[in-house]
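Data first, discussion second: the structure below is written as structure tokens.
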Amino acid sequence: MQLTEETPADWWEVEALYDLCFAPGREALSSYRLRDDVPPVAPLCLLLRSEDGIAAAIRFWPVRVGGAEVLLLGPIAVHPTHQGEGLGGWLMRESLARAGALGWTRVLLVGDAPYYSRFGFGLLENVRMPPPTNPARVLGLALVPGAWDGISGDVTKFTEISEK
Ligand SMILES: CC(C)(COP(=O)(O)OP(=O)(O)OC[C@H]1O[C@@H](n2cnc3c(N)ncnc32)[C@H](O)[C@@H]1OP(=O)(O)O)[C@@H](O)C(=O)NCCC(=O)NCCS
């Protein structure tokens, strides 16, 4: 397996992996509206590639919560032939370590708490994704202790240029 940052040439192969791994219509999810016309955080969009193609991929976007800058994790997917081998966990830990090194302090995702709690994610009770997101799937991680303290409100699109 080779770890690389995603390049523009990888875009459609990653999209094909996500299409394979997620239910049809994934782009209708409200989280995608936060990504429309906003560039991803390129140094955190990582791939694991085997000789057969992309085995796993993760992307991140910047968003805002009550005005604060937040990192939106996802989508993450592992090819069905490689699921359960630890690649997802490895990509999660590697990308989160890189996010911290780049100065990001708080991360948000929409996903299954039983899976993401192992990386330290917990329920964000006072953070609202655009409807119709299930509030029980809105999870956060502080990369710096207390980074989520006092941060609440609607998750909104990041419209200004990020300094990171
Ligand atoms: C979810 C996903 C990224 C995990 O990657 P992975 O490489 O298969 O996971 P790992 O090998 O690192 O970890 C496997 C463990 O995660 C658990 N797990 C995987 N998906 C889970 C889920 N949705 N809820 C709870 N546990 C889950 C497995 O049961 C296994 O548990 P164990 O360690 O106790 O045996 C991958 O299975 C995938 O792409 N799934 C389809 C797309 C998807 O659902 N993406 C996440 C969107 S929220």
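Using all pairs of distinct alpha-carbon atoms, the Kirkwood hydrodynamic radius of region 4-73 works out to 13.2 angstrom. Simple point charges give the picture: +1 on the Cβ of Lys and Arg, -1 on the Cβ of Asp and Glu, and for the chain a dipole about the Cα centre of about 500 debye. When the inverse distances between all different Cα atoms of the chain are averaged and flipped, the Kirkwood radius reads 16.1 angstrom. Here the accessible area of the chain is 54 percent carbon and sulfur, with a 1.4 angstrom probe and all protein chains present. Region 15-64 and region 76-97 have their alpha-carbon centroids 13 Å apart. Annotation: the antiparallel percentage among DSSP beta bridges lying fully within region 2-157 is about 90.
Using C-alpha pairs below 8 Å separated by at least 6 residues, the relative contact order for region 2-157 is 22 percent. When each of the peptides 131-138, 149-156 is scored by the mean number of other C-beta atoms lying within 10 Å of its residues, the order from highest to lowest reads 149-156, 131-138.
Modelled label positions at residue 33 and residue 2, each set 7 Å beyond Cα in the direction of Cβ, lie 4.0 nm from each other. Here each label is just a point 7 Å from Cα along the line to Cβ, and for residue 50 and residue 156 those points are 4.5 nm apart. Considering only 80, 47, 107, and ranking their Cα positions along the charge dipole of the chain that arises from unit charges at the beta-carbon of Lys, Arg, Asp and Glu, the one farthest toward the positive end is 107.
The values are calculated or read from the model by the stated rules, or taken from the named source; none is laboratory data. Just so it is clear, the structure is predicted and the values come from calculations on it, not from any experiment. Here Cβ is always computed from backbone atoms with ideal geometry, including for glycine, and neighbour counts include all displayed protein chains. The accessibility values were calculated without ligands, DNA or RNA, using every heavy atom of the protein model including side chains. Shrake-Rupley method; radii C 1.70, N 1.55, O 1.52, S 1.80 Å.
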